[in-house]
Structure formats: C-alpha cells, structure tokens
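To start, the structure itself, in structure tokens.
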Amino acid sequence: MVTRAPPKADMKVLDLDAVQTFVLLASLENFTRTAEATGTTQSAVSLKLKRLEALLGRTLLARTPRSVRLTAHGEAFLQRANELLAANQRALSAVAEPAYRLRLGISDHVAGPELAALLARLNAADPALTLEVQIGLSRELLELFDEGELDGALVRHERNHRGGEVLIQDEYGWFAAPRFQWAGDEPLRLANLAPPCGVRALAIRALDGARIPWTEVFVGGGVAAVTAAVGAGIATAALAKRIAPSGCIDIGARLRLPRLPNTAIVLYSRAGDPRRRVAFRVISAVFRGVSTPAGS
C-alpha cells in the first residue's frame, strides 16, 4: 500500500473563490459592482481581498475614494490568477458541467463603449461561458425574448412591455459634426435607423411637435453606419451621449432643437440556473457602473 505524506502545516493554499473575486475586481475596478456581480456584499469582497493579500504577503490593489487600481504586485499576480482559474476550469471540464451558452440580445442603441468591457468581464466571471450576442432593434429583441429565443435582452424601455431591471437612464441629444450647418427655413437633415426604430420615432415626434421640417438623408442598417454619417457631416442624429461619435457635438441648444427625453436601459433575463444568474449580475453591474465612481 502506498502511503502519502500529510501536507505540511505551513503549506499555503489559495482560495479559488477569493482569486476569482480578485480577477473580477481587477476587471470591474469597483467594489460595489463586484459585489453585485458575485451576489454578495461589498464588505465580503473586501474581506476576501484582505485574506488573499495576507496569504500572499503582498498588497494587490490600491484603493482610494475615487479609484481602484492594481499595484505592481497585483499586475504580476493577475496573470498567474487567470492561469490558475483556467487550469481549474480544465481540471473540472472532464467531470463538471460542460460549457454553456448564453443567448443575449442587445439593442443597437444600447451597445456602445461598454460592450467590449462587458464581454471581457463576462469571460472573467466564467471562462466556460459561450456568449451568443444578437444586435438589433429593441422591439424585435423583446419579441425574441418573449418567444424564448433569447435568454436575456438589454434594450431601451418600450412603453408596452412591463418588467425588467432598469439599469441606467440614457441621456439623448442631437449630435452632428462641428461643421454641420442648418438654416431654419430648410428641412433638418437627419440620419436614422430604418423603421421600426424607437429612437427614430422619438426624434420625429419631437421635431413634428416643434413644427420643425425635416428630411431623412441617410438610413443606416446599424448605429455604426448612422454615427459614421454623422461624423462625415452628412446629417444630425438623435443619439445617446454614451454612443455619440468622437469629435461630434450636441447641436440641440445652439440650433434650438426640441429637447429629447431620457430613455431607460432595461435588462430582461430568464436565468434558470446559478451560472446564468451570475452572468446577468455581471451585465447589470457593468451598465450600472457607467454612472458609478470607480472606487466605490
């Protein structure tokens, strides 16, 4: 019979839950959002970090009232932490649950600079996640969600659809290139998505209500095309400030265009198992963090 020597009393063993919390915290750069994403409390996140730092004998994160950043030791440990989590996932893959798929619909007017960060943070939370993303119009994505074709939908609020979790309020404006000109006695040149885009309808209602003539000179198949037309100086467009193209300005006040209402960004989710619930908590935390100070 083969006997094994017992582990040494002073042998250090890393807590994988604490390591994963550290990786997520390094990605989200925010204790509150990390707590939301992991379904725990800010104090619990802080405690896990302190225990990990005590075990390693190193300070991994520098925290101020306004920011959270990795120390030099944190930068060095982050790569090893990711390698450890990946190795753990490989070890579990033969006996644990297989990789799973999350089908997520994101409104074209919602997907913005947060999208790349969202994908990175979902991967950090669960490397086994296979994410299937569909970009489209809010109304069409909600129909797919209601039909069970999507597990979740991240969309602009639709007045005829109840429920969902309100994440943020998007502020809209009339964006154009600085060189864009408009004389009030001629139709305002607009760039829009094709009907039944809700933002298009919102913009047209506002102009018609203010009795401002308009003409649609560009119709894009996606917001990327619309913002390109705006950046080229072809037209103005109603856009959320989050996704307005770089270098463009809100011309609404200068040209006395009607004020556009804010629109809620809502997450609809159907999560029947804990892993999907974690993914939706991460999505919620990322978008809520758009207006949250980094260090809180």
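Points worth noting:
- Test: residue in segment 121-130 that is assigned to a strand (DSSP E or B), at pLDDT below 90 and under 17 Å from the mean Cα position of the chain (by Cα): yes
- Number of the exception - A224 against (1) more than 21 Å from F145 (Cβ to Cβ); (2) more than 23 Å from the chain's Cα centre (by Cα); (3) surrounded by fewer than 20 Cβ atoms within 10 Å (Cβ to Cβ): (2)
- Residue within segment 219-228 that is of a type in the set (S, T, Y) and assigned to a strand (DSSP E or B) present: no
- Matching option when the condition is modelled with pLDDT of 85 or more and in a loop (DSSP other than H, G, I, E, B), among G148, G105, G163: G148
- Single unsatisfied condition, E158 versus (1) at pLDDT 85 or above; (2) under 14 Å from L267 (Cα atoms); (3) not aromatic (F, W, Y): (1)
- Residues located in segment 28-78, provided they are among the charged types (D, E, K, R) and either at positive phi or in a strand (DSSP E or B) (or both): E29, R63, R69
- Residue under evaluation R242, criteria (1) part of a loop (DSSP other than H, G, I, E, B); (2) touching a residue at least 40 places away in the same chain (Cβ under 8 Å); (3) under 23 Å from the mean Cα position of the chain (by Cα), criterion not met: (1)
- Subset of segment 233-274 (residues that are surrounded by fewer than 20 Cβ atoms within 10 Å (Cβ to Cβ), under 30 Å from R211 (Cβ atoms) and of a type in the set (G, A, S)): G233, G252, A253, A264
- Of all the numbered requirements in (1) more than 20 Å from F287 (Cα to Cα); (2) aromatic (F, W, Y); (3) out of contact with any Cys (no Cβ under 8 Å at 6 or more places or on another chain), F175 misses one, and that requirement is (3).
The values are calculated or read from the model by the stated rules, or taken from the named source; none is laboratory data. Note that the coordinates shown come from a computational prediction; the quantities given were computed from them, not determined experimentally. Positions of Cβ are generated from backbone atoms using ideal geometry, with glycine treated the same way; all protein chains shown enter the neighbour counts.
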